[in-house]
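Readers should treat all values here as calculations from the given coordinates under stated rules, not as data from a laboratory. Just so you know, these numbers come straight off a predicted model, no measurement behind them. For neighbour counting, all protein chains shown are included, and Cβ atoms are generated from backbone atoms with ideal geometry for every residue, glycine included.
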Amino acid sequence: MMEIIKVTSYEEMSKTAADYIIRKVRQHRDATLGLATGSTPVGTYKRLIEDHRCNKTSYKNVTTFNLDEYIGLSGENPQSYRYFMDSVLFNHLDIQKENTFVPNGTLEDLREECRNYESKLKNHGGIDLQILGIGNNGHIGFNEPGTPFSSITHIVDLADSTIKANARFFNTIEEVPTQAITMGISTIMQSREILLLASGEAKADAIQKLLGNGVNEHFPASILKNHPNVKVIADEAALSAS
Ligand code: GLP
């Protein structure tokens, strides 16, 4: 079941998502969170940091698994998702670094890394709450259109549209990696609960398709309709085509 929570702005989306995560972490001090990168969740992460400072919500026993990482970028590279997560969130919480997992896209045997990531996640008991953004083409994590719904953590070739969309974080488009490691669709679907965030007119088409009929591998996020516990927190602009 997909529940739509309509909010007015990016700020309200961020507050709603953060409040939800904070409640979860306060109820389950050893919760496992699935986290996303991109600009969408940044406001949410800011609020988690503020709340940690003011209200002392603790992440000492929390574990996190990120959705994806570029291939070829080490954690010291400011464009890597590991670096992003450290600087935007982890460095500002009392979370233990060894409990924050992001796929490593620099290892020699990347297939082995995919298998390890998937089994670490399983051994941990899976994800309690997964945060998702959505790509313009319906991708979740880096699962581009056409990815089998049965996929687990794997290596992907990024769609041209994704490379273009993400080029804004790099000096030139040539610097954007063309491949990534991502949790698969089946990995994501095994999360016990999912929050998908969307803000702004640029996401209006994607949200319209998401809310429309059908579940289809050409629009990866459509699988979420088959998940028992998904909340879509979207602002008016993101819902403007729906
Ligand atoms: C990236 C990430 C996704 C993210 C999406 C949207 O490609 N791999 O996890 O949801 O783009 O990004 P943004 O939130 O910046 O629009």
DSSP beta bridges in the chain [antiparallel fraction, %, rounded to 5]: 25
For the chain, with +1 on Lys and Arg beta carbons and -1 on Asp and Glu, the positive-most of 61, 183, 227 along the dipole: 61
Ratio Rg/Rh [Cα only; Rh per Kirkwood] for segment 129-185: 0.97
Highest-MSF residue in the chain out of 187, 16, 172 [GNM, Cα springs under 10 Å]: 172
Viscosity 0.692 mPa s, temperature 37 °C, Stokes-Einstein D of the chain from Kirkwood C-alpha radius, µm²/s: 184
Cα centroid of segment 82-119 to Cα centroid of segment 16-79, whole Å: 13
Most mobile listed residue (19, 109, 86) in the chain, GNM with C-alpha springs under 10 Å: 109
Burial ordering of 85, 1, 183, fewest other beta-carbon atoms within 10 Å first: 1, 85, 183
Segment residue 170-residue 213, length gained on full extension (0.36 nm per residue, minus Cα span): 11.9 nm
Most mobile listed residue (14, 222, 119) in the chain, GNM with C-alpha springs under 10 Å: 119
Histogram of C-alpha separations across segment 113-242, 10 Å bin width, %: 13, 41, 35, 10, 0
Spatially proximal lysines relative to residue 225 (Cα-Cα < 25 Å; intrachain offsets below 8 disregarded): 6, 15, 24, 122, 203, 209
Cα-derived Rg over Rh, computed across segment 41-93 with Rh taken as Kirkwood radius: 1.01
Value of [θ]222 nm, deg cm²/dmol, for the chain, DSSP H segments ≥ 4, -39500 (n - 2.57) each, nearest 500: -9000 deg cm²/dmol
Note, ³J(HN,Hα) from phi for segment 213-224, Karplus 6.51, -1.76, 1.60, rounded to Hz, x at Gly and Pro: 6, x, 10, 8, 5, 6, 10, x, 5, 4, 4, 4
Rel. contact order, % - alpha carbon contacts under 8 angstrom, at least six apart, segment 2-235: 26
Percentage of interatomic Cα-Cα distances in segment 156-200 larger than 12 Å: 70
10 Å-binned pair-distance histogram of segment 8-86 (Cα, whole percent): 17, 46, 31, 6
Anchor residue 46: aspartates and glutamates whose Cα lies under 16 Å away (excluding residues fewer than 8 positions away in-chain): 11, 12, 19, 86, 94
